[in-house]
1. So residue B:437 fits all but one of (1) modelled with pLDDT under 95; (2) under 30 Å from residue B:28 (Cα atoms); what number is the exception?
2. Mind listing whichever residues of segment C:7-56 are over 18 Å from the mean Cα position of the chain (by Cα), closer than 15 Å to residue C:77 by Cα and either of a type in the set (Ser, Thr, Tyr) or modelled with pLDDT under 95 (or both)?
3. Just a yes or no: is a residue in segment B:38-53 over 19 Å from residue B:186 (Cβ atoms) and either more than 11 Å from chain A (Cβ to nearest Cβ) or within 11 Å of ligand 1 (Cβ to nearest atom) (or both)?
4. Spot the failing condition for residue B:229; the list is (1) open to solvent by less than 10 Å² (accessible area, probe 1.4 Å); (2) among the aromatic types (Phe, Trp, Tyr); (3) farther than 30 Å from residue B:202 by Cα, and only one is missed.
5. From the list A:231, A:225, pick out the single residue that is away from chain B (no Cβ under 14 Å) and open to solvent by 40 Å² or more (accessible area, probe 1.4 Å).
6. Right, residue B:4: touching a residue at least 40 places away in the same chain (Cβ under 8 Å) and either over 30 Å from residue B:66 (Cβ atoms) or more than 16 Å from ligand 2 (Cβ to nearest atom) (or both) or not?
Amino acid sequence: MTKTINITLKIWRQKGPEAKGRLETANAANISTDMSFLEMLDVVNEKLTVDGKEPIAFESDCREGICGSCGCVVNGEAHGPEKGTSLCQLHMRHFNDGDTIVIEPWRARAFPIIKDLIVDRAALDDLIRAGGYISVNTGSAPDANTLPVPQRDAELAFDAAACIGCGACIAACPNASAMLFVGAKVSHMALLPQGRPEAAKRALSMVGKMDDLAFGNCSNHKECEAVCPKEISITNIARLNREYIKAGFGSAEK
Amino acid sequence: MSLNANIPLGPLTDKWDQHRFKLKLVNPANKRKYDILVVGTGLAGASAAASLAELGYNVKAFTYHDSPRRAHSIAAQGGINAAKNYTNEGDSIWRLFYDTIKGGDFRSREANVYRLAQVSNNIIDQCTAQGVPFAREYGGLLANRSFGGAQVSRTFYARGQTGQQLLIGAYSAMMRQVALGKVELLTRREMLDVVVSNGRAQGIVVRNMVTGELETYAGHAVLLCTGGYGNVFYLSTNAMNCNVTATYRAYRRGAYFANPCFTQIHPTCIPVHGTYQSKLTLMSESLRNDGRVWVPKQAGDKRAPSEIPESERDYYLERKYPSFGNLVPRDVASRNAKEQCDMGKGVGETGLAVYLDFRDAIQRDGRDTIEKKYGNLFQMYEKITADNPYEMPMMIYPAVHYTMGGLWVDYNLMSSVDGLFVLGEANFSDHGANRLGASALMQGLADGYFVIPYTIGGYLNTVSWDPVTAEGPAFSQTVKEVDEKIQRLLSVNGTRTVDDFHRELGLIMWDYCGMSRKDEGLEKARGMIQDLREEFWNDVRVPGADRDLNQSLEKAGRVADFLEFSELMIIDALQRRESCGGHFNEGFQTEENEALRDDENFSHVAAWEFAGDGAEPVFHKEPLVFENVELATRSYK
Amino acid sequence: MNWLTQTLGSAIGKKLLMAITGLSFIGFLAAHLAGNLTIYGGKDAFNSYAEHLHALGPLLTVAELGLLTFALIHVLTGALLFYQNWRARPTRYAVDRSSGGRSIGSRTMPYTGVIILAFVIFHLINFSFVDKRHITIFELVASAFQNPLYVVAYVAAMVVVALHVSHGFWSLFQTLGANHPKYMPAITIIGLGLSLVFAIGFGFIPVYILFIA
Ligand SMILES: Cc1cc2nc3c(=O)[nH]c(=O)nc-3n(C[C@H](O)[C@H](O)[C@H](O)COP(=O)(O)OP(=O)(O)OC[C@H]3O[C@@H](n4cnc5c(N)ncnc54)[C@H](O)[C@@H]3O)c2cc1C
Ligand code: HEM
Ligand code: FES
């Protein structure tokens, strides 16, 4: 049932990368429980604008949980309290009248804050650039059915490829580690015959890049899996470990 | 004046081969002397950037997103067509061509559509090789499903996230070129203008969205791959940031805009809940494979769906179109839903919804099978509505989804400005008056992987490879004009927010230029838009500064362009004195309320040339010649 | 950099070192516990176990040196990981809530580790680096555990070891890449079981000596 609630927000405001930020209080009044979390922020921003203040900067685009643009830490949890849900798909019906909600940006050395809740996630592109691809030039592909792929492998590869690159895994990890992100990409490609030829090289270079980018290490806390909007499993991290160990000790790749 | 689309002569089936043969090649050693600017890194842009870089060109790729992987293509759910005929149902390049031409209500170019069908198979091969995890059968071979407007299963899919997987493929191919130093990736850059001088595109002006700085880039060719303009309606299935700015600014610099009134309303979206709503969510059309669309027979029937017995349900699509049933093309399905709701048979709180029911499919195939096919869509539906579609029929209603209109391009994908190419949804080329499901992904990738790599060479052979720089009066003048607009937006300091104006514009467009249109309505809307535009420039409030990350300013610039562009849509809609595909003018319909085309007078592309602020745009006609298909009245009965 | 140091120095390599050394400690603990259980057989049984052990001579020294090396690796790598992980998030969250991944064991790894280190040193000073020419090992142990403070410290230390192993055991399999949907549930249970065995098996010895023996 639709109803309206009033809530208090404590939101991280920070003017720029170098500026000092702080939590500021804002009220969100008469919020319909059918609204999404971001629509609630839209309402707050409309009011701030009309009141002559600067609206809160936050990112979103598809608002259907697939582009990975959105994401904040809500009451200490990346993307908020619902499992398998990105912030844009979180609805206000999961909050109660009178609640106080603390909203913070993703925090990691590899994700510097640009403004308010917006962080720079270019490090994720850097990781893909380090090897998150299969080297095949346009036009050189054989017929798609030349290489059969067991349905199970294709499904597992898809499970890993479902990553939307939002960065929640890194935000939620007590060590700000990118192992789930890298694990998902390495798994996606390692599970498909098309990805095998470069598997060793990919694992080594993506992990090397991850270290260069000042991400933390994995302590197997499993927080990443718990917050992932696509519920990507940490078995992908195990697969990355396997691929890496194989590549490091068993391949000629350096 | 009649437009020349540079369609090669010869039989349809040979045109593309002949053309590729005749196009002069650029010597591999010379390719690296050319700089190409690719604006937009969705399917069209990323595939083009990757392919051109592989050939050796120097590519700079721009996107307003923080990463190319966020382009709106990521949201495509259902699938991508190809004429592989893996299912042995008798599919062929010719059939895919025919279905697409017919689905487009005979308002697209034969030659383009045929080429699209020809390269469709290469796309599947390419994407599979890149590691796109398409759905597979137990034996390990690729699976297909059927989609609206076709009677064969030719749609390849990756669960309900096909666009995501294809984009990740194209994105990773591009990132590989970034690693190799052949593509320079410039993210968080919004293109605000094209620099044109001597009738030729010289470069672009972009705003660095982090610092607010205006930057200029020069190239031997500029590719706009900037997506569609569905957000002119405010509420649509498009991502929040989709906009018309890139193509509209190019239009103002001399590129013709073709068929802007051809917009697609998708029949299966989650209905609107409230005024705060920021966007609409699509439920993939693939759901119509197994879901049955119905409304109560009795208007105003407020019973819960489970309490309405079979005999009191009207499966109106199956009743009216027995051969295609629930799989009629989108325009037909949408208009019928609206018709049912207009008759008072709509369901849900607002009465603006129809049921899409999986009860029978679950009984037939079992819940597991249905979950495997549509699990993530059902989950998404439940998240948004808090209703469980396994138990309750979904409620759906049409919403703006895709824009067939776009910048006019010739067979080489070049616009009416030399050196300015347009790819993907941003051009008008292949879908006529209505796009069939699963063919936008196909077109975007066809343009980027398999068309532009050849056709751009033909153009580059005509220009010198001397290094280009972003200097000179054309650049400084364009920057000045861009800056003036920004300063103007910031200085109004009125009382209404940008979103507020956008919402109002959207309602006007939806009411008068949406699923069905009337002459009086269109005329009225035109006046309303002019008034709203005036009010915007007097009363909009854009907080913040220009040299800063300023999302209000970004939106304001886009909405300012929508406020001008929407009028062009109306002008185009008024000009087309017929109904076809997504353009349904109530004045032109058959007795059975189907679209009534006028092939004699309107079998053409309407391309509009900017003639200055306040002046009527100039109309150019590209006649459509049909030599290989017979213009029939579309019938899905 | 050489391929070996490069591989072992990476995020995964460091964890690999932790996992292998950790696994060997678990093996050591299991063997140590098996030996210690002879204490329930009485004074002679326990003393003869100690004698047999020392009769191994150089073999024992090798094992001890091996353990020492592994301990150095485990401790130093653990310290490095802790530092790097802490540095990876310069600004902490104002509100930090688990979404259900972390366990007490995983949260406390570095801290339980330090306590274990302190305990191991204390333990070695007590029972290893003492002049054992005039006293049997049983007497040594029995007299130490007459002090209730000792008993409390030992029991507490064993609880800490159990915590460390409760996360460490399944975690090392994950690190080695041996996470399989069919076997992981069993590994997790074995890990918890093993922690209990360590806590009770080791922890009950001082209690037994103080109150029962
Ligand atoms: C919800 C949904 C589902 C869909 N499902 C399907 C489907 O199942 N099958 C199918 O075939 N089609 C589907 N479509 C349509 C299809 O997804 C799109 O038409 C297609 O992906 C467009 O690709 P594109 O590359 O042309 O543009 P986009 O993917 O929209 O990319 C546009 C790019 O341009 C950039 N850009 C735009 N303007 C500027 C600027 N001014 N400056 C800098 N950069 C700019 C953006 O950052 C982005 O990178 C769907 C569409 C929607 C909305
Ligand atoms: C009885 C002795 C010990 C045993 C059995 C043991 C066992 C383990 C095991 C199995 C792991 C898991 C490795 C992995 O996740 O792959 C581990 C991790 C760890 N150990 Fe130990 N350990 C012992 C002593 C110590 C000591 C003395 C220290 C440090 C002072 C220490 C610090 C750590 C740390 C910090 C980790 C976590 C590393 C990470 O995941 O980030 N341990 N230990
Ligand atoms: S806005 Fe796209 S995932 Fe949330």
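The values are calculated or read from the model by the stated rules, or taken from the named source; none is laboratory data. Not measured: the values here are computed from a predicted model. Counting neighbours? That spans all protein chains shown, and the Cβs are built from the backbone with ideal geometry, glycine included. Protein only, heavy atoms only, side chains kept; ligands, DNA and RNA dropped before computing areas. Shrake-Rupley method; radii C 1.70, N 1.55, O 1.52, S 1.80 Å.
1. Result: residue B:437 fails condition (2) only.
2. Within segment C:7-56, C:7, C:10 qualify.
3. No: zero hits.
4. (3)
5. Just one listed residue meets the conditions, A:225.
6. Answer is yes for this residue.
Yes/no matrix, rows are residues, columns are (1) acidic (Asp, Glu); (2) crowded, with 20+ Cβ neighbours inside 10 Å; (3) more than 7 Å from every other protein chain (Cβ to nearest Cβ):
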position	(1), (2), (3)
A:125	yes, yes, no
A:136	no, yes, no
A:142	no, no, no
A:151	no, no, no
A:171	no, yes, yes
A:183	no, yes, yes
A:187	no, yes, yes
A:198	yes, no, yes
A:219	no, yes, no
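Residue-by-condition table, conditions (1) open to solvent by 30 Å² or more (accessible area, probe 1.4 Å); (2) within 16 Å of ligand 3 (Cβ to nearest atom); (3) outside any helix (DSSP H, G or I):
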{"position": "C:96", "(1), (2), (3)": "yes, no, yes"}
{"position": "C:101", "(1), (2), (3)": "no, no, yes"}
{"position": "C:109", "(1), (2), (3)": "yes, no, no"}
{"position": "C:118", "(1), (2), (3)": "yes, no, no"}
{"position": "C:121", "(1), (2), (3)": "yes, no, no"}
{"position": "C:138", "(1), (2), (3)": "yes, no, no"}
{"position": "C:142", "(1), (2), (3)": "no, no, no"}
